[in-house]
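The values are calculated or read from the model by the stated rules, or taken from the named source; none is laboratory data. All values derive from a computational prediction rather than experimental measurement. Glycine also receives a Cβ, built like all others from the backbone with ideal geometry; neighbour counts cover every protein chain displayed.
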Amino acid sequence: MPCTVSMTVNGKAVSREVEERTLLVTFLRDQLGLTGTHVGCDTSQCGACVVHIDGRSVKSCTMLAAQADGAAVTTIEGLAAADGTLHPMQAAFREHHGLQCGFCTPGMVMSAVDLVTANPSPSEHDVREGLEGNICRCTGYHNIVKAVMAGAEAMQGGTMKAAAE
Amino acid sequence: MYAFTYHRPKSVADAVALLGQFEDPKLLGGGQTLLPTLKQRLARPSDLIDLGQIPELQGIREEAGGLTVGAFTRHAEVAHSETVQRVIPALASLAEGIGDRQVRNMGTLGGSICNADPSADYPAAVVALKATVRTDRREIAGDDFFTGMFETALEPGEIVTAVHFRTPDKAAYAKFRNPASRYAIVGVFVAVFGSEVRVTVTGAGPSVFRADDMEAALAQDFRADALNGASVSADGLNADIHASADYRAHLVRVMARRAVEACG
């Protein structure tokens, strides 16, 4: 039986009729066309589908769209400024080459923003623990961690550390 | 996922009423086990009753010699609660070790204990901390709540509303986790109440259990070395691709030692 779900996605109010079993990630990708949120494993392990619900990072493949009814959702498309200026965490991933194939990147960035919001000055250990829910199949963790550390500093208003070549 | 009808009641009474109306309803907590199960078509409930919008199931408060945690309280809320960190820090640290950050942001205490996964962390705390499980109709002693693998003392249609944990003199939880799933291969919770010591084990057997020999040894002498002569039998312990029963039995003592040391 279809049901109507209404939520705020990247600042815009949306309302759609969906099947009750629709996952949030399916809703975002197929109904709203926000394909920046990826489906990597479909078994709740890889974290490519991480979005923010009322500021908390969650796996959108392990949540029904109906559960997000009334919530404020932020996807990777909602991070950059309206003029296209990248969020400091996105800029840090670019500067520090925190991606190889890029498939896990949206989830990594969304998890990183959540963890830095909760812990503004994370240690390398904090970052590695905080990213436990995200898997990079290219195994590019070293630069991802560097990027998150640099992104954390930039989010605190510091300047973006340049990548050491 | 098979189709189902989704409900979002606003009170426990409404949820109980809904449970009684349908052929094969299931309660939805944070969904971190149930939704993956449904996605694999391992279950086919007729109706999902989401408990996420019921205020009386939420919140953490100090009460009668301990803490009362609402059934819908998420792991991250328990882990970061100043009240839990102050009153029973071992409980906050257990919650911080469940799954990953995103799972902790969704998963709930009630969901964890009602699912009664043999490798879940919370059952060790429920039994070690002499908890009382409150439901819509009665109170169940933590000691009696877990009855087997994925089995609890709950009746059909009964809803857990909160868990009351008693404040121990000291306590700690040590876990040897599966690095992929982060479930406990073996987790041991040690809690001291006066002259009584409780040692509970999760992950090792079909359901959480108390390690009697270790409790007796620690009641005599609360030091990690007091466990040198105590052990648990490998008979009936879980054996799988991750660890044999013998290895799990060995890990129980190692984790118990670590928990005792962490008690300080």
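Side notes on the structure shown:
- Filter pass, residue B:16 being in a strand (DSSP E or B) and of a type outside the set (Lys, Arg): no
- Residues that are surrounded by 15 or more Cβ atoms within 10 Å (Cβ to Cβ), in contact (Cβ under 8 Å) with a residue 24 or more places away in the chain and either on the phi > 0 side of the Ramachandran plot or not in a helix (DSSP H, G or I) (or both), drawn from region A:132-148: A:133, A:134, A:135, A:136, A:140
- Per-region count, region A:6-21, residues at the interface with another protein chain (Cβ under 10 Å from one of its Cβ atoms) and out of contact with any Pro (no Cβ under 9 Å at 6 or more places or on another chain): 1
- Within region A:96-114, considering residues that are buried (at least 19 other Cβ atoms within 10 Å of the Cβ) and closer than 19 Å to residue A:159 by Cα, the one nearest to the chain's Cα centre (by Cα): A:109
- Among (1) under 20 Å from residue B:51 (Cα atoms); (2) outside any loop (DSSP other than H, G, I, E, B), the one test that residue B:158 misses: (2)
- The one condition in (1) away from chain A (no Cβ under 12 Å); (2) more than 16 Å from residue B:111 (Cβ to Cβ) that residue B:19 fails to fulfil: (2)
- Odd one out for residue A:91, checked against (1) assigned to a helix (DSSP H, G or I); (2) without any contact (Cβ under 8 Å) to a residue 40 or more places away in the chain: (2)
- Residue satisfying all of: in region B:136-155; among the acidic types (Asp, Glu) and assigned to a helix (DSSP H, G or I); surrounded by the most Cβ atoms within 10 Å (Cβ to Cβ) among these: B:143
- Out of B:161, B:135, B:108, one residue alone is closer than 30 Å to residue A:134 by Cβ and either in contact (Cβ under 8 Å) with a residue 24 or more places away in the chain or of a type outside the set (S, T, N, Q) (or both). It is B:108.
- Selection count, region B:43-55, where residues are in contact with a Pro (Cβ under 9 Å, 6 or more places away or on another chain) and either assigned to a strand (DSSP E or B) or at the interface with chain A (Cβ under 9 Å from one of its Cβ atoms) (or both): 5
- Among the residues here, residue A:114 does not qualify as touching a helix residue (DSSP H, G or I) at 6+ places or on another chain (Cβ under 8 Å), modelled with pLDDT under 95 and among the acidic types (Asp, Glu).
- Within region B:1-16, considering residues that are within 11 Å of chain A (Cβ to nearest Cβ) and touching a residue at least 12 places away in the same chain (Cβ under 8 Å), the one surrounded by the fewest Cβ atoms within 10 Å (Cβ to Cβ): B:2
- Considering each residue of region A:71-80 in turn, at least one proves to be over 28 Å from residue B:32 (Cα atoms) and at pLDDT 95 or above.
- Taking every residue in region B:33-59 that is within 16 Å of residue B:69 (Cβ to Cβ) and β-branched (Val, Ile, Thr) and pairing it with any residue that is at pLDDT 95 or above and surrounded by fewer than 17 Cβ atoms within 10 Å (Cβ to Cβ), at least 6 positions away or on another chain, the pairs with Cβ-Cβ distances below 8 Å are B:54/B:10; B:54/B:11.
- Residues of region A:44-60 satisfying the condition of being within 10 Å of the chain's Cα centre (by Cα), more than 8 Å from chain B (Cβ to nearest Cβ) and in a loop (DSSP other than H, G, I, E, B): A:48, A:49
- Unmet requirement for residue B:40, which otherwise passes all of (1) over 27 Å from residue A:115 (Cα atoms); (2) touching a Ser or Thr at 6+ places or on another chain (Cβ under 9 Å); (3) buried (at least 17 other Cβ atoms within 10 Å of the Cβ); (4) at the interface with chain A (Cβ under 10 Å from one of its Cβ atoms): (3)
- Evaluated against (1) in contact (Cβ under 8 Å) with a residue 24 or more places away in the chain; (2) surrounded by 20 or more Cβ atoms within 10 Å (Cβ to Cβ); (3) within 14 Å of chain A (Cβ to nearest Cβ), residue B:102 falls short on exactly one condition, (1).
- Unique residue being touching a Pro at 6+ places or on another chain (Cβ under 7 Å) and within 17 Å of residue B:117 (Cβ to Cβ) when the list is B:192, B:201, B:208: B:208
- Elements of type helices (runs of 4 or more DSSP H) in region B:69-133, at least 3 residues being modelled with pLDDT of 95 or more and of a type in the set (A, V, I, L, M, F, W, C): B:75-80, B:89-96, B:109-115, B:122-128
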